[in-house]
Amino acid sequence: MDEIMSKKRTSFFAIFWGILALLYFFLPIYGTLDFSLRMERGILSFKAYKIIFADPRFWEGFRYSVTMAVITIIVSAAIFVPTIYWMYLKVPQARPIMEIITILPFVIPGIILVFGLIRTFSRPPFQLTTSTFKTDILMIAGYVIISMPYMFRAVDVGMRSIDVRTLTEAAQSLGSNWFHVLADVIIPNLRLAILGGSLICFATVMGELILADFLVRPALGPYMVRLGLTKAYEPAALAIISYSLTWFSLGLLQFFSSRSERQKQQVITT
Amino acid sequence: MSQMFATRQRKLWREYPLWNWVGLFPFFIFIVFFLVLPSLRLFTGAFTDQEGGLTFDNLKVFQNPNVLKAYIMSLQVSAITAFVGGFFGFLVAYSITQGGAPRWMRNVISTFSGLAANFGGVPLAFSFIATIGQTGIITAMLKKACFNLENYGALAQFLASGGVNVSDITNVCPLNPYTYGFSLYSLSGLVLAYTYFQFPLMILTITPALEGLKKEWYEASTNLGATPAKYWRDVALPVLMPSILGASLLLFGNAFGAYATARALTGGSIPLVSIYIGQQIRGDVLGNPNEGYALAFGMVAIMTLTIVAYSLLQRRATRWMKS
C-alpha cells in the first residue's frame, strides 16, 4: 500500500517537472514564432519574413555561410578520416592524446581562440589578414577547430563500429593500394558517421558569430546581431529561420540514421 | 588499474613502432598552426612586456577594478546558472528516468535536450527578447493580468479602514515581472536565457548516472527498513554526488565561456570577461595588449581547472556504472 502511494506521488512529481521542462523548451520558441508574425498591427502576416528574404545582405550572409560550411566540412573530413583511420590501424597508442587534443576547443572558449588566432595571424611571419581570400582561409581553419570535437567523435564512433583491420587486409590481399582501401572500402562504410559529423559542422558554422564578427567577414552571425540592434520583428523571424536550418540538418541526420538502423535489422532478419 | 594500463601501453608501443606516427603528422601540423600557436601567443604574451622581456607585471591587470568586476560578474553568472540549471535539470532528468513520466514526455525531453544544449548564440537571445523582453508576447500577457482595486469594493473598504491609500493600488498588475526589478537585459535576464541551454546539458550529462542507480539498491534498503528519504541520503546521493558535482562544473564552464548570447542580449552592457576580451580585441581598451593576453590567460586557467576537476569527478562517477 505504501509503495503504491509513493509510486503515485512520484509520477505526479515527474509530470510536474516534465511539463515545466517542456514549457521552458517551447514557450520561447512559440513566443518567437508568434512575435515574428505580428509585424502588421492586428493581423498575423509573414511581413517580417518577406523583408528578410528581400534583403540582399541576408542572402549575401547566407551564401557566404553556406559556402564556408561546405568548405569546412570538406577540409574537416579530409583531415579527420585519414588521420583516424591511420590511428586505428597503425598508432592505437595515440588515442589518449588525440582525445585530449580534440576536446581542447571545449576548454578554450571561442572568444579566446579567436583572440589568439587574430593576434597570431595578423602579423608576420604567418600573416593571413592581408586579403579577403587569406582571411577566409583563417576562417575555415577556425571553423575546423571549433567543430573538431564533433567531427572527431562522429568519425571515431563510426570507425569503431567497423572492423578496420580486417577490411584493410582483405582489400590489400585483393590488390588495393592505400588510396583505394580508404576511398572504396573505408569511406563507404563510414558514410553515416561522416554525414553526422558534417551536419553538426554545418549547424555550427551557420550559427557561428565570433570568428566572422572579429574577422569582419559577411557571415550570417554578424548580420543577425546588426539586425537585432535596429529592428524589432525581423530578428524574431530570423531566429525562426535559423532554428529551421538547424532542425532541418539534425532531422536529416535522424532520418538517415534510423533508415540505416532498419536496413541493418533487415539484413539480420533475412 | 593504472598498472594494467601501463603494461597495455608498453605492449602497444612494441607492436606499433614510433615510425607509424608519421601518418598523423598532417593532423598535428594543422593543430600546431591553428590551435597550439594561437594559445602559445596568448600565453607568452601574458608573461612578456612590450619589449619582449619576461615579466609578471601583466598580471597586475587583475587589480584593475573593471577587470575584477568583469571576472566577478562572469563567475557569478556561471555559478548561478550552473546551480539553477543543474538543479532544474536534475529534477527533470530524475523525472524522465526513475520518476515515471509518460513515455512520450521522456522521448520529447531527451530528444530536445540534445538540441537545446547546443542552442546558444544569437537566435536564443532573439527568442527571449521576443518572448519576455519589454514588448515580448509573454510579457504582454502578464501585463494584461491587472485588476482595479476599486472593482473590489469590500476589500477596498477593508484596506482603506486599515489606513491603506486605496488609490495607490488601482490598476495593479501583480504578474508583470518588470515591476519587480526584472529585466531581460540585466543579470536576471541573462540567467533566464542561459538556463535554456544549461538545464538540457544537465539532463544529458546526469541521465547515464541516474540510469545506473540500480533498482536492487532501493529494494535492499527498503527491505532493511529504510524510508525513501533515508535511501536518498545514504545510498542514492552518495553514489550520484561525483556525477552531480562533475556535471555542475561542466555547466559552470559552459556558461563561463559563452559570448554570443550575452552580446546579443545585452549588447555588452553587462561586464562579462568574454565581453571584455571582445572589446580588447576590437580596440585595445586596456591600453596594453599584453594585459589583454593576461586577461585571456586567466580565463583559460579557470576553464582548465574546471574541466580537469570535471574529468577527475567523472572518473570517480563511472566506478559505479561499470559493474
I'd like to know if the range A:180-199 contains one or more residues that are within 10 Å of another protein chain (Cβ to nearest Cβ), farther than 22 Å from B:G278 by Cα and surrounded by fewer than 21 Cβ atoms within 10 Å (Cβ to Cβ). no
Pick from the range B:284-302 the residues that are within 11 Å of chain A (Cβ to nearest Cβ) and under 25 Å from B:S186 (Cβ atoms): which of them is surrounded by the most Cβ atoms within 10 Å (Cβ to Cβ)? B:L295
Somewhere in the range B:107-118, is a residue in the same structural domain as B:S188 (by TED's automatic domain parsing) and either of a type in the set (D, E) or within 23 Å of B:L187 (Cβ to Cβ) (or both)? yes
Output for Cβ contacts, cut-off 9 Å, separation at least six or different chains, first residue at the interface with chain B (Cβ under 7 Å from one of its Cβ atoms) in the range A:10-39, second of a type in the set (K, R), reads A:G18/B:R106
Which residues, taken from the range A:30-46, are out of contact with any helix residue (DSSP H, G or I) (no Cβ under 6 Å at 6 or more places or on another chain) and surrounded by fewer than 17 Cβ atoms within 10 Å (Cβ to Cβ)? A:Y30, A:R41, A:G42, A:I43, A:L44, A:S45, A:F46
Looking at the range A:209-230, I want the residues that are without any contact (Cβ under 8 Å) to a residue 24 or more places away in the chain and within 10 Å of chain B (Cβ to nearest Cβ) and have a partner that is surrounded by fewer than 21 Cβ atoms within 10 Å (Cβ to Cβ) and of a type in the set (G, A, S) with Cβ atoms under 8 Å, at least 6 apart or on another chain. Which pairs are those? A:L229/B:G267
Tell me the residue from A:A78, A:A141 that is out of contact with any strand residue (DSSP E or B) (no Cβ under 6 Å at 6 or more places or on another chain), within 8 Å of another protein chain (Cβ to nearest Cβ), at pLDDT 90 or above and surrounded by fewer than 22 Cβ atoms within 10 Å (Cβ to Cβ), please. A:A141
When every residue in the range B:272-283 that is in contact with a helix residue (DSSP H, G or I) (Cβ under 7 Å, 6 or more places away or on another chain) and not aromatic (F, W, Y) is compared, the one surrounded by the fewest Cβ atoms within 10 Å (Cβ to Cβ) is B:I281
By residue number, the members of the range A:114-130 that are in a loop (DSSP other than H, G, I, E, B) and hydroxyl-bearing (S, T, Y) are A:S122, A:T129, A:T130
Determine whether A:T135 is more than 10 Å from chain B (Cβ to nearest Cβ), not aliphatic (A, V, I, L, M) and not in a helix (DSSP H, G or I). no
The one condition in (1) over 30 Å from A:S122 (Cα atoms); (2) away from every other protein chain (no Cβ under 12 Å); (3) surrounded by fewer than 18 Cβ atoms within 10 Å (Cβ to Cβ); (4) not β-branched (V, I, T) that B:F252 fails to fulfil: (3)
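Hey, among B:A101, B:A79, which residue is assigned to a helix (DSSP H, G or I) and either among the aliphatic types (A, V, I, L, M) or in contact with a His (Cβ under 6 Å, 6 or more places away or on another chain) (or both)?
When all the criteria are applied, what remains is B:A79.
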With the condition kept exactly as written, say whether any residue in the range B:311-319 is at pLDDT 85 or above, buried (at least 22 other Cβ atoms within 10 Å of the Cβ) and assigned by TED's automatic domain parsing to the domain that holds B:V239. no
Checking the conditions here, which among B:F34, B:F27, B:F56 is at the interface with chain A (Cβ under 9 Å from one of its Cβ atoms), without any contact (Cβ under 8 Å) to a residue 60 or more places away in the chain and either closer than 26 Å to B:V273 by Cα or among the aliphatic types (A, V, I, L, M) (or both)? B:F34
Go through the range B:125-159 and give me each residue that's more than 8 Å from chain A (Cβ to nearest Cβ) and within 28 Å of B:F252 (Cβ to Cβ). B:G133
Being closer than 19 Å to B:F197 by Cβ and not hydroxyl-bearing (S, T, Y) is true for just one of B:A260, B:A309, B:A296, B:A220. Which residue is that? B:A260
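The values are calculated or read from the model by the stated rules, or taken from the named source; none is laboratory data. Remember, it's a predicted structure, so these values are computed and weren't measured experimentally. In this analysis, Cβ positions are derived from the backbone assuming ideal geometry, glycine residues included, and neighbour counts consider all displayed protein chains.
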